[in-house]
Amino acid sequence: GGHERQVPVVTKQEDRWTPNNPSAFQLRRAILEYCILPLGSNQIKSTLDNAQNVRSVLLYGPKKCGKSLVVEAIASELGALVIDLSSSAVGSRYESKELATTLIHMAFTVAKEKEYAPVI
């Protein structure tokens, strides 16, 4: 485990808001609070209002820093279906824009179905 430090999530530098690099503790806590608990417990989800109900999370960072591992860990914890639409997974398999658009449409159609929920 880590120790919590009161570090702001974003800082304002001139006219730009810049996210701070989180500690491992802050990352684990954010994933637990925003991803695992609300999706894994209907009781917790029912207590959240719309402002607290996070529908998407952006993981950013350089290549090979563990973003995909975090997604797989969240999916494993929740028993969720993972749909990987990254360029490395899809690659050049879909040469035409129409086929790629169809693939993305199909992925979102599956993601909206309650029987497959949650989908990451």
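List of remarks:
- Membrane-span-like helices in the chain (whole DSSP H runs, Cα extent of at least 18 Å along the helix axis, mean Kyte-Doolittle hydropathy of at least -1.0): 97-112.
- Surface accessible to a 1.4 Å probe, Ile120 within the full protein complex, Å²: 60 Å²
- Asp15 contributes about 150 Å² of solvent-accessible surface, heavy atoms of the protein only, 1.4 Å probe.
- Kirkwood's formula applied to the C-alpha pairs of region 51-93 gives a hydrodynamic radius of 12.3 angstrom.
- Accessible surface of Thr47, taken over heavy atoms with a 1.4 Å probe and every protein chain present, rounds to 100 Å².
- Calculation over all alpha carbon pairs of the chain in 10 angstrom steps from 0 returns a P(r) of 10, 32, 35, 19, 4 percent.
- Percent RCO, i.e. relative contact order, over the chain, from Cα pairs under 8 Å lying at least 6 residues apart: 18 percent
- Descending principal axes extents, region 27-78, alpha-carbon based, whole Å: 36, 22, 15
- Heavy-atom accessible area order for Arg16, Arg55, largest first, 1.4 Å probe: Arg55, Arg16
The values are calculated or read from the model by the stated rules, or taken from the named source; none is laboratory data. Model, not experiment: these values are computed from the prediction. With ligands, DNA and RNA removed, areas are computed over all heavy atoms of the protein, side chains included. Shrake-Rupley method; radii C 1.70, N 1.55, O 1.52, S 1.80 Å.
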